[in-house]
Amino acid sequence: MKYDVLQVLGMVLLVVGAQALVRLLVDEGERGLLDGLPGGFLPLLLTYAVLTATGVLLTGWAHSRAKALGRR
């Protein structure tokens, strides 16, 4: 159950980060959820990229751990 929750959390991070990253690249003025983050375009871009990568890694890790336990 723990790995299922972590996998869902990773998918949420992935979706939110990727959607905000694409939105930022298409329309530089649309800053998304992290509008209050200090800095300009590049820090925000890197933050969304890290958020997306964290979602990918967390989802993959949780899936592989659940698979190792025979849950997948």
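The values are calculated or read from the model by the stated rules, or taken from the named source; none is laboratory data. Nothing here was measured: the structure is a model prediction, and the numbers come from that model. Glycine also receives a Cβ, built like all others from the backbone with ideal geometry; neighbour counts cover every protein chain displayed. To get the accessible areas, we keep the full protein, side chains included, count just its heavy atoms, and leave off ligands, DNA and RNA. Shrake-Rupley method; radii C 1.70, N 1.55, O 1.52, S 1.80 Å.
If you count only protein heavy atoms with a 1.4 Å probe, what accessible area per residue comes out for segment 29-72, rounded to a whole Å²?
Details: 2850 Å² over 44 residues.
On a per-residue basis, 65 Å².
Between residue 26 and residue 69, what length comes free when the chain is fully extended (0.36 nm per residue of separation minus the Cα-Cα distance, one decimal in nm)?
Full-extension gain reported as 11.3 nm.
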statement: Scalar couplings 3J(HN,Hα) for segment 42-49 by Karplus 6.51 cos²θ - 1.76 cosθ + 1.60 (θ = phi - 60°), nearest whole Hz, x for Gly and Pro, are 5, x, 5, 4, 5, 5, 5, 5
task: Could you look at the chain and say what percent of its accessible area is carbon and sulfur, using a 1.4 Å probe and all protein chains?
output: 72
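Quick one: compute a quarter of the convex hull surface over the Cα atoms of the chain and quote it in nm².
Numbers: hull surface 19.4 nm².
For the Cα atoms of the chain, the hull's average projected area reads 4.9 nm².
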- line: For the chain, longest principal axis from Cα atoms; helix 2-26 axis from its Cα atoms; angle between them, nearest 10 degrees, is 20
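Between residue 12 and residue 46, what is the FRET efficiency for a Förster distance of 25 Å, r being their Cβ-Cβ separation, to the nearest 0.05?
Working: r = 20 Å, r/R0 = 0.80.
The calculated FRET efficiency here is 0.80.
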- prompt: Each label point is 7 Å from the Cα along the Cα-to-Cβ direction; what then is the distance between the points at residue 2 and residue 53, in nm?
  reply: 2.7
